[in-house]
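Working notes for the structure below.
The values are calculated or read from the model by the stated rules, or taken from the named source; none is laboratory data. Because the structure is predicted, anything quoted here is derived from the model rather than measured. Here Cβ is always computed from backbone atoms with ideal geometry, including for glycine, and neighbour counts include all displayed protein chains. The area values use the complete protein model at the heavy-atom level, side chains included, leaving out ligands, DNA and RNA. Shrake-Rupley method; radii C 1.70, N 1.55, O 1.52, S 1.80 Å.
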Amino acid sequence: MSVQKEIKKITTHTLLKMKAAGEKISMITAYDYSFARLFDDAGIDVVLVGDSASNVMAGHETTVPITLDQMIYHAQCVVRGINRSLVVVDLPFGSYQSNSDIALASAIRIMKESGGHSIKLEGGEEVLESIQRIVSAGIPVMGHLGLTPQSIYKFGTYNVRAKEETEAAKLKKDALLLEEAGCYAIVLEKIPASLAAEVSASLTIPTIGIGAGSGCNGQVLVMHDMLGISNMFKPRFLRQYLNLQEQIHTAVTQYISDVKSGDFPSEKESY
Ligand code: KIV
C-alpha cells in the first residue's frame, strides 16, 4: 500500500484567508518547468507566468510584443512543474484591451490550453467590464495597478507612478472597483509605500507589491532579477538573493577550458 502525503494546494481562497490572518503572500515569476518545480518545492505561494517573459525569455525591450500563444506555451511548461502553488498567467498586451468578448475568449484559452489557475490583467476602470465577464465565467482574476508595463509607451518611463494626488486618487478608486468587480487580489507595482499601505488597508482582498513597500499583503519579484541571472536591471526595490550571472560565467568558462585542455571527460566520466 502506498501512503501518499496529501498536498494542501494554494487557492485564491487561501490567499484571502492569509490576508485575514495577517500572513504575507510570497509570489515569484517562472516561465518554464524546471524553475517552476524548484519554486514549488521551496514552498512559494504563487507562481506568476508573467508577460515579463517578453523581456527575460525572449529578449524584447518591453512586454508589448509577446503573444497569447507564447504565454500559453510558457504557462503549459510551468504548470507541469507545480504541485502546490497557485499558477497565475498574464493576459498579454492586445489579448484583452479591444473589448470584453476578446478578453473573455483570451482568458478561456489560457485556462483551457495551459492548465493555469487564474489570469492577471493590467488596468482599472477601463477593463472593468472585461474583469466582470471573466469572473462571471468562473475564471479568477488578479488585477494589476500602478506601473503597468504594457502601457509603457503611454507612460514614457518606468518611473514610480501615482506620486501626484490625481493619479493616486484614481488608483485608490480603481482598487475598490477591481475588488467590487470580483478580483481576488491586486498587484501594486512601483507606487509610493504610503499609498500602497492605504490601498491595502482599504481592501478585503490581498495586494501583492513590487516596488510598493512593506504595507502590501505580499511581495512579487521577477525570478531573473532576484536570482541575479541578469545584472542589467537593478532598481532600488530589488533584493538580489544570488548572483547567478557571475556563477554561471565562472562555471561555463571553466567547462570551456576543461574541454579545450582535454581534462573533460576523464576516464571516470567515460564508458
Ligand atoms: O510580468 C510580470 O513579471 C509582472 C510582475 C512584474 C508583477 O507582471
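Each row is one residue, and each column tells you yes or no for (1) buried (at least 21 other Cβ atoms within 10 Å of the Cβ); (2) among the acidic types (Asp, Glu); (3) more than 14 Å from the ligand (Cβ to nearest atom).
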| site | (1), (2), (3) |
| --- | --- |
| Ser151 | no, no, no |
| Ala162 | yes, no, yes |
| Cys183 | yes, no, yes |
| Ala193 | no, no, yes |
| Ala212 | yes, no, no |
| Met232 | no, no, yes |
| Leu244 | no, no, yes |
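For the structure I just gave you, tell me whether Ala103 is under 29 Å from Ile191 (Cβ atoms), of a type in the set (A, V, I, L, M, F, W, C), away from the ligand (no atom under 16 Å from the Cβ) and open to solvent by less than 10 Å² (accessible area, probe 1.4 Å).
When the stated conditions are applied, Ala103 passes them.
List pairs: first in region 55-73 and closer than 17 Å to Thr29 by Cβ, second surrounded by fewer than 17 Cβ atoms within 10 Å (Cβ to Cβ), Cβ under 6 Å, 6+ apart or cross-chain?
Thr62/Ile152; Ile72/Glu113
So how many residues does region 214-230 have that are more than 12 Å from the ligand (Cβ to nearest atom) and modelled with pLDDT of 95 or more?
The total comes to 6.
Considering region 50-73 alone, what residues qualify as being among the small types (Gly, Ala, Ser) and away from the ligand (no atom under 13 Å from the Cβ)?
Gly59
Answer yes or no as to whether Leu238 is within 16 Å of the ligand (Cβ to nearest atom) and either open to solvent by less than 20 Å² (accessible area, probe 1.4 Å) or in contact with a Pro (Cβ under 8 Å, 6 or more places away or on another chain) (or both).
no
So is Val87 within 15 Å of the ligand (Cβ to nearest atom), out of contact with any Cys (no Cβ under 6 Å at 6 or more places or on another chain) and open to solvent by less than 60 Å² (accessible area, probe 1.4 Å) or not? First the steps, then the outcome.
Details: within 15 Å of the ligand (Cβ to nearest atom): yes; out of contact with any Cys (no Cβ under 6 Å at 6 or more places or on another chain): yes; open to solvent by less than 60 Å² (accessible area, probe 1.4 Å): yes.
Answer is yes for this residue.
Can you name the condition, by its number, that Gln76 falls short on among (1) open to solvent by 50 Å² or more (accessible area, probe 1.4 Å); (2) within 16 Å of the ligand (Cβ to nearest atom)?
All conditions are met except number (2).
When you scan region 109-121, do you find a residue that is open to solvent by less than 60 Å² (accessible area, probe 1.4 Å), modelled with pLDDT of 95 or more and touching a His at 6+ places or on another chain (Cβ under 7 Å), even just one?
Looking for residues that are open to solvent by less than 60 Å² (accessible area, probe 1.4 Å), modelled with pLDDT of 95 or more and touching a His at 6+ places or on another chain (Cβ under 7 Å), one finds at least one in region 109-121, hence yes.
May I ask you to say which residue of Thr29, Thr63, Thr14 is open to solvent by less than 60 Å² (accessible area, probe 1.4 Å), β-branched (Val, Ile, Thr), over 12 Å from Ile82 (Cβ atoms) and out of contact with any helix residue (DSSP H, G or I) (no Cβ under 8 Å at 6 or more places or on another chain)? Break it down stepwise before answering.
Details: Thr29 fails: out of contact with any helix residue (DSSP H, G or I) (no Cβ under 8 Å at 6 or more places or on another chain); Thr63 fails: out of contact with any helix residue (DSSP H, G or I) (no Cβ under 8 Å at 6 or more places or on another chain).
It is Thr14.
Please verify whether Ala201 is among the small types (Gly, Ala, Ser) and open to solvent by less than 10 Å² (accessible area, probe 1.4 Å), treating the condition exactly as stated.
Details: among the small types (Gly, Ala, Ser): yes; open to solvent by less than 10 Å² (accessible area, probe 1.4 Å): no.
Taking the combined requirement at face value, the residue does not satisfy it.
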